[in-house]
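S.K.: Structure provided below as structure tokens; questions to follow.
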Amino acid sequence: GAGVSQSPSNKVTEKGKDVELRCDPISGHTALYWYRQSLGQGLEFLIYFQGNSAPDKSGLPSDRFSAERTGGSVSTLTIQRTQQEDSAVYLCASSLVADRRETQYFGPGTRLLVL
Amino acid sequence: AQKVTQAQTEISVVEKEDVTLDCVYETRDTTYYLFWYKQPPSGELVFLIRRNSFDEQNEISGRYSWNFQKSTSSFNFTITASQVVDSAVYFCALSEVGGNQFYFGTGTSLTVIP
């Protein structure tokens, strides 16, 4: 079956511009996660959508970052007024149920480069 | 303090050698889950294994094996007879039931030289 998909796969933008990154989770998966992976680093948790409950936004690094999940499916991560330090790979993952013990299935990521 | 420590940043082995990737975790929960993920050069993390804290049996899957030892808070991953296709970054992760948190280590980059 189809896995997690993300678009675009690569994005180059100028400092100060806004960007939107999209994630399509596996169909039927309740939970959706966003992570950021900077060059040579581990995964930094950003936000967690857990079904109908309020999302856990504790990992968002600043108020320039926001995310939505419409209709319990597709999610969009928005970065406003991008900075060079935002350059990273943004990974999306989904899991069947909204429980962090559950195995997460990852998308291929969006590589963001802020010039 | 790091919840999940992967002290080996980079490892290089020659094809067919065995290699062990270390993972040490820290938690006060009695119930937790441990994971290993593989991130090949293509970038997509691939789930390898999930183990709960009550199951200390070692697991073998083909050339892969995992050694879970609660006494040392370790969940090490061994690849036997390594192959070039094993070249990737491997992440260990911890999920705590009580705190409902999920933590990734910083990863170990494995290069298998033909």
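S.K.: Out of region B:1-62, which GluC sites (Glu not before Pro) are coil in DSSP terms and have no more than 14 other C-beta atoms within 10 Å?
M.R.: Answer by residue number: B:Glu15, B:Glu17, B:Glu26, B:Glu56.
S.K.: Let me ask another. Separation of region A:1-67 and region B:1-60 by C-alpha centroid, Å?
M.R.: 23 Å
S.K.: Rounded to the nearest 0.05, what FRET efficiency is calculated for B:Asp55 and A:Ala2 with R0 set to 30 Å and r the Cβ-Cβ distance? Show your work: numbers first, answer last.
M.R.: Values: r = 31 Å, r/R0 = 1.03.
Once the sixth-power term is evaluated, E becomes 0.45.
S.K.: Let me ask you something else. What do you get for GluC sites (Glu not before Pro) in region A:1-84 restricted to DSSP loop and a cutoff of at most 12 other Cβ within 10 Å of the site's Cβ?
M.R.: Numbers: sites: A:Glu14, A:Glu20, A:Glu44, A:Glu68; in loops: A:Glu14.
For GluC sites (Glu not before Pro) across region A:1-84 that sit outside H, G, I, E and B with at most 12 neighbouring Cβ atoms in 10 Å, the list reads A:Glu14.
S.K.: Taking the Cα-to-Cβ direction at A:Glu85 and at B:Val46 and moving 7 Å from each Cα, how far apart do the two end points lie in nm?
M.R.: Output for this residue pair reads 3.5 nm.
S.K.: Roughly how big is chain B's charge dipole about its Cα centre, with Cβ charges of +1 (Lys, Arg) and -1 (Asp, Glu), in debye to the nearest 20?
M.R.: Details: 8 positive and 13 negative charges, 34 e Å.
That gives a dipole near 160 debye.
S.K.: Can you give me the relative contact order of chain A as a percent, contacts being Cα pairs under 8 Å and 6 or more apart? Don't skip to the answer; put the middle values down first.
M.R.: Numbers: 287 pairs, mean separation 43.6, N = 115.
It rounds to 38 percent for chain A.
S.K.: Which value does Rg/Rh take for chain B over its C-alpha atoms, Rh per Kirkwood? Mind dumping the intermediate values first?
M.R.: On the way: Rg = 13.7 Å, Rh = 14.2 Å.
Rg/Rh for chain B comes to 0.96.
S.K.: Further question on the same structure: Rounding to the nearest 20 debye, state how big the charge dipole of chain A is about its Cα centre with +1 on each Lys and Arg Cβ and -1 on each Asp and Glu Cβ.
M.R.: So the magnitude is around 120 debye.
S.K.: Among B:Gln57, B:Gln69, B:Gln39, which one moves the most in a GNM of chain B with springs linking Cα atoms closer than 10 Å?
M.R.: Among B:Gln57, B:Gln69, B:Gln39, the largest mean-square fluctuation in the Gaussian network model of chain B belongs to B:Gln57.
S.K.: Gaussian network model of chain A, Cα springs within a sub-10 Å range: biggest mean-square fluctuation belongs to which of A:Ser94, A:Ser53, A:Ser27?
M.R.: Judging by the Gaussian network model, the answer is A:Ser53.
S.K.: Going Cα to Cα from A:Lys17, which lysines come in below 27 Å? Please leave out same-chain ones fewer than 8 positions away.
M.R.: A:Lys57
S.K.: Still on this structure, please answer the following. Based on the Kirkwood radius over alpha-carbon pairs, what is the Stokes-Einstein translational diffusion coefficient of the protein assembly as shown at 37 °C with 0.692 mPa s viscosity, in µm²/s?
M.R.: On the way: Rh = 18.2 Å.
Diffusion coefficient, whole number: 180 µm²/s.
S.K.: Along the positive direction of the dipole of chain B (beta-carbon charges: Lys, Arg +1; Asp, Glu -1; about the Cα centre), which of B:Val97, B:Val14, B:Ser42 reaches farthest?
M.R.: Result: B:Val97, furthest along the dipole toward the positive end.
S.K.: Rule-of-thumb check for region A:70-111: C-alpha Rg over 2.2 N^0.38 Å? If you can, show how the numbers build up before the last one.
M.R.: Details: Rg = 12.9 Å, N = 42, 2.2 N^0.38 = 9.1 Å.
Cα Rg divided by the expected 2.2 N^0.38 Å: 1.42.
S.K.: I would also like to ask the following. Just need log10 I(q)/I(0) for region A:1-107 at q = 0.11 Å⁻¹, Debye formula, equal scatterers on the alpha-carbon atoms, no solvent, rounded to two decimals.
M.R.: Relative scattering, expressed as log10 I(q)/I(0), comes to -0.31.
Rule-based calculations on the coordinates, nothing more; no lab input. Since this is a predicted model, take the numbers as computed values, not measurements. Cβ atoms come from the backbone with ideal geometry, glycine included; neighbour counts cover every protein chain shown.
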